[in-house]
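Enquirer: Before I ask anything, here is the structure I am working with.
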């Protein structure tokens, strides 16, 4: 007669295996039991999925979807979406929508809200997902070469406008056709020092040597976090600039 040996072998919590003649048959683990319980529950589980922590640029199409697990599979649920800004470009009434973010930069975010009906009254029926939106860079000031005092006024107005927000500053300087060498470099260094002195940390300041124009020019930009940096618009090519030759001074 063949001898049969039963061994109880502990495995994961709430799960064990039975060995018969060296062969094991493991019972369903906790995860499988949870899945069965979820399927039997009258209320499903909803999960809204957006773009995570990424900041989108104004004008981008933003995908938002809802994942539904469990609940009564016979229910024909109804999905109604709304947005706090922008417009729903496609997908209204379905589990997946696309939001046109144009015009949302004023609020700096879009909140997509979802209402679900068809399930028992005790089931949660409202959900929301918020996406941060960065507007485009804005040129807030432009001026020609000024006295140091007037230049500092323009810089002060710029930094005062940043109170309470974490936007960045970009400064673009264009040298004139007859400006001395390194004109833009010196001006950028000077203006950046003024901005820092007004309380803006250096990591929020971008400086751009814009190249050349007929006359020196200065541009001050505010750039939201996540937005594209501004681009310079020179009107004279660097190869067309001719610096005066420096006559060497003879030593006595």
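The values are calculated or read from the model by the stated rules, or taken from the named source; none is laboratory data. Not measured: the values here are computed from a predicted model. Ideal geometry is used to build each Cβ from the backbone, glycine not excepted, and the neighbour counts take in all protein chains shown.
Enquirer: Counting just the residues of region 47-82 that are assigned to a loop (DSSP other than H, G, I, E, B) and in contact with a strand residue (DSSP E or B) (Cβ under 7 Å, 6 or more places away or on another chain), which one comes out surrounded by the fewest Cβ atoms within 10 Å (Cβ to Cβ)?
Expert: 51
Enquirer: Quick check: anything in region 132-149 out of contact with any helix residue (DSSP H, G or I) (no Cβ under 9 Å at 6 or more places or on another chain) and closer than 30 Å to residue 69 by Cα?
Expert: So far as region 132-149 goes, yes, one or more of its residues are out of contact with any helix residue (DSSP H, G or I) (no Cβ under 9 Å at 6 or more places or on another chain) and closer than 30 Å to residue 69 by Cα.
Enquirer: For region 221-246, name all the residues that are more than 23 Å from the chain's Cα centre (by Cα) and either within 9 Å of residue 172 (Cα to Cα) or surrounded by 10 or more Cβ atoms within 10 Å (Cβ to Cβ) (or both).
Expert: Once the filter is applied, which keeps residues that are more than 23 Å from the chain's Cα centre (by Cα) and either within 9 Å of residue 172 (Cα to Cα) or surrounded by 10 or more Cβ atoms within 10 Å (Cβ to Cβ) (or both), region 221-246 yields 232, 233, 234, 235, 236, 241.
Enquirer: Related question: Output the residues belonging to region 154-184 that are loosely packed, with under 12 Cβ neighbours inside 10 Å and part of a helix (DSSP H, G or I).
Expert: Result: 160, single match.
Enquirer: Filter region 129-150 for residues that are assigned to a loop (DSSP other than H, G, I, E, B) and closer than 27 Å to residue 57 by Cα and give the result.
Expert: If the condition is that a residue be assigned to a loop (DSSP other than H, G, I, E, B) and closer than 27 Å to residue 57 by Cα, then 135, 136, 137 are the ones that fit.
Enquirer: For region 118-127, what are the residues that are touching a residue at least 40 places away in the same chain (Cβ under 8 Å) and either surrounded by 13 or more Cβ atoms within 10 Å (Cβ to Cβ) or more than 30 Å from residue 71 (Cβ to Cβ) (or both)?
Expert: Correct list: 118, 119, 123, 127.
Yes/no matrix, rows are residues, columns are (1) in a strand (DSSP E or B); (2) in contact with a helix residue (DSSP H, G or I) (Cβ under 9 Å, 6 or more places away or on another chain); (3) in the same structural domain as residue 231 (by TED's automatic domain parsing):
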site	(1), (2), (3)
116	yes, no, no
121	no, no, no
127	yes, no, no
152	no, yes, yes
190	no, yes, yes
194	no, yes, yes
